[in-house]
Each structure stands twice: as C-alpha cells, then as structure tokens.
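Beneath this line is the structure, given in structure tokens, with notes to follow.
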Amino acid sequence: MRNEIENPFLEQGYVSPKYFCDRERETAEIISALKNGRNLTLISPRRMGKTGLIKHVFHKLRERQSDAITLYMDIFPTQNTGEFIRLFASTVLGQLDSAPQKAMSRIAKFIKSIRPVFTLDEFSGTPQMMIDVVVGNEQTTLREIFDYLASADRPCYIAIDEFQQVAEYPEKGLEAALRTHIQELHNVHFIFSGSRQHVMQQMFLSAKRPFYHSTQTLQIGSIDRDEYYKFADAFFTGSGLSQEVFSFVYDTFDGHTWYIQAIMNRLYAYRVKPDMVMVHRAIEQIVAENTYTYETLLAAYPSGSVRLLKAISKEGAVSEINSGEFIARHHLKAASSVNASLRKLLDRELVYRSRDGYIVYDRFMAIWLRGLPY
C-alpha cells in the first residue's frame, strides 16, 4: 500500500489512517461490537464517509489480529437475488486460505451447485474466479457459501454495503434466508451498511422483518468541526488553512464529509494559502463540471418535480413541505401534487429527509439549482 499520495484529501477509497479523519468513537464502537460477537448495522446518508469508516475499521482489525479476514462488497449495482449470490460468492470463495491449492480444496468440499472457474489476470498474474449461479438453484448455492464460511478457522469480518438494495429485489425470502444462515455462524461477523435510512430502519427495527433487533445499530453523522479542522490544517503546511475558510466550507455543506473533502482537495491543489476567493472558485468549478449531468438528469422529470426540487434548494431545508405558505411562495400546485412529486424525488434519491427537513441530496446540485450564489 502506498504511504504517500499527491493529494491527501481523498474523495473516494481508503489509503491509511494518515488520510482518515477522526471517527475514533465510531471506530471503537464497531470494533467492540464485532470483537464481542455482535453484528452491526451502519446507517448514514450517502457520501458521509461510511465506506471509508468500514475500510478504516478493517485496517485496525488486521493490525490487532494479523490472521483476520476482512471482506467488503457493495451490492448497490445488484438487481436480484441471483446477482447478489454471484457477487457474494466471488467476494467470499477462496478467501479463507492463503495457499491456492488449499483454497480450491476447501471450495470443492462445500460448493457443489456451482463450478468456480479460476483464471489468471493477463496483466497482474493474480488468480481470478468466475462464478455462475444456476437459475432456480440460488438457495442451495447460498447455503453452500454459508457452509463454506462456517468452516473458517480464522476470524472473518464481512461488510455488505448498501444493504437496503436487498429489499428492492423482485424475489422474496432473501432477508429471511440470510438471517437464518448468519445466526448459525460463530467465527464470521457482519457489518450491514446502508444510506436509505427509512428502508434500513424498516429492515432492522421492524418486528415484521427477519433482521429485527439482530444487530447493534450505529448512525453516522458529521465529523466534529474542530477535529476536522485540525486534520485538514495539518496538510496545509507552509501555507496554512484559516479557521474562517474551513468553517465556511463546513457550514456551507453542513459538515457532510464528501463535499468538504471535494473542496479541500481543490484548495490543496492550488498550492497557495487558501482564501475565500479560492473557496468560491472551487465550488463554482465543481458545479460547472456537473452542469451537463444535472441538465440531462432533470430533463427526464416532469416540470412539477423540477419546480419542487428548485423550491427545496432555495429553502435549504423544508420541514413543512405541505404548508400553504411554502406552496404559495414557490408557486407550486396543490399539496397532493407536491406529495406525488416528493415521493418520486425521494425514491430516486434526489431529495433526502434530514433532521432539519427535506433537502436536495446532492449539495452541488442544490447550489446549481439556486443559480449561485450559495
């Protein structure tokens, strides 16, 4: 792993603790849960830093347990049970043993319903495995994968990111099957993370759902302002980062991690002491770069939805979206029309319900919708 990188303000991925800000309490809570045999549900808005937190936790676990196996899978692209099982198999199979021959022997012992095909990457020479799940045989394959996991003789930690996607699959029963298999494991522990708060809460806090109260739940919010400033300022050696500049960025994006990282990344790249002019330039550059994407995206929505989206962006946060005052101020249609548009915007994750009310999910899109200034 690289020890030094060109720009320390990462917008994606995880490199090392040096480039990871704070989250000490959350890290300790997650590690404590996993080490004490509890599975964990991690909930946060998208781009708040939960994936980086998971990777950081895994880094710390491997430091403490040199033989620990840490596996991460993002199921957001999956559309059905077969795709989930295929990704699950590709993520898990072969990871319990370091020696290729032993790995293949263990797979052959437990996996009968599918035949993994091993190939070598033509560039790196590393082994790759292709998985094909037979239609109608998904539940058998799933059971075999869990039988394989149950044979682990080393501590194993698996993170399934965007877990709410399971609730969208057309097939029913996967939640119950996963819950049944997982509760039989003793040396394998899971992190279920998701960004759609209401769906994740239904999956884990509703008495009608299989995962009801089966995990410890942790909600991830903003990083403490002072801790974030100390982290950011340490990288601006020789030029410095004023608290005024950082606080403006932090407040503009309500402490939302990815947006702060995106602006800090631009400011760092300017290679001079950041000032407010540079902050505005960085924000305007990012908004300009995404303008075509925003225009194309909104072209697919009816005018009522776009008007509501613009109204929310101008307000910043709307707690009473059906109030006559809000509807009249922004020349919207009746409350029933507003509710119909809101449901669509929530479903497509263009709008998010925060503690302060409904907000435009993409903060840069909100700035673009307002037409600057911000």
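The values are calculated or read from the model by the stated rules, or taken from the named source; none is laboratory data. Model, not experiment: these values are computed from the prediction. For neighbour counting, all protein chains shown are included, and Cβ atoms are generated from backbone atoms with ideal geometry for every residue, glycine included.
Summary table
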item	result
Members of region 321-367 found to be under 22 Å from Arg47 (Cα atoms), acidic (Asp, Glu) and part of a helix (DSSP H, G or I), listed by number	Asp347
Tally of residues being within 22 Å of Arg355 (Cβ to Cβ) and β-branched (Val, Ile, Thr) across region 239-275	4
Contacts under 7 angstrom Cβ, first residue in region 279-295 being farther than 10 Å from Met365 by Cα and not assigned by TED's automatic domain parsing to the domain that holds Phe364, partner in a helix (DSSP H, G or I) and charged (D, E, K, R), 6 or more apart	Ala282/Arg266; Gln285/Arg266
Condition broken by His256, with the remaining ones in (1) within 26 Å of the chain's Cα centre (by Cα); (2) surrounded by fewer than 15 Cβ atoms within 10 Å (Cβ to Cβ); (3) not hydroxyl-bearing (Ser, Thr, Tyr) satisfied	(2)
Checking Lys208 against (1) in the same structural domain as Lys50 (by TED's automatic domain parsing); (2) within 18 Å of Thr27 (Cα to Cα), the condition it does not meet	(2)
Pairs, first more than 10 Å from Ser305 (Cα to Cα) in region 334-347, second among the polar types (S, T, N, Q) and exposed (fewer than 13 other Cβ atoms within 10 Å of the Cβ), C-beta under 6 Å, six or more apart	none
Selected residue [out of contact with any Ser or Thr (no Cβ under 9 Å at 6 or more places or on another chain) and either in a loop (DSSP other than H, G, I, E, B) or closer than 18 Å to Arg23 by Cβ (or both)] from Gly255, Gly238	Gly238
Among the candidates Leu40, Leu61, Leu93, residue that is closer than 28 Å to Ile359 by Cβ and aliphatic (A, V, I, L, M)	Leu40
Residues of region 196-236 classified as in contact with a Lys or Arg (Cβ under 6 Å, 6 or more places away or on another chain) and not aromatic (Phe, Trp, Tyr), total	4
Pair list, Cβ under 6 Å, 6 or more apart: region 215-237 residue touching a residue at least 12 places away in the same chain (Cβ under 8 Å), other residue hydroxyl-bearing (Ser, Thr, Tyr) and in a strand (DSSP E or B)	Thr215/Thr41; Thr217/Thr41
Number of positions in region 86-115 that are surrounded by fewer than 15 Cβ atoms within 10 Å (Cβ to Cβ) and among the hydrophobic types (A, V, I, L, M, F, W, C)	2
Some residue of region 146-165 being within 24 Å of Arg348 (Cα to Cα) and basic (Lys, Arg)	no
Qualifying residue in region 67-75 (condition: farther than 24 Å from Ile107 by Cα and of a type in the set (A, V, I, L, M, F, W, C))	no
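Let's see how each residue does on (1) basic (Lys, Arg); (2) closer than 28 Å to Tyr270 by Cβ; (3) more than 14 Å from the chain's Cα centre (by Cα); (4) surrounded by fewer than 20 Cβ atoms within 10 Å (Cβ to Cβ):
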position: Asn7; (1), (2), (3), (4): no, yes, yes, yes
position: Gln12; (1), (2), (3), (4): no, yes, no, yes
position: Glu26; (1), (2), (3), (4): no, no, yes, no
position: Ile43; (1), (2), (3), (4): no, no, no, no
position: Met48; (1), (2), (3), (4): no, yes, no, no
position: Thr51; (1), (2), (3), (4): no, yes, no, no
position: Ile54; (1), (2), (3), (4): no, no, no, no
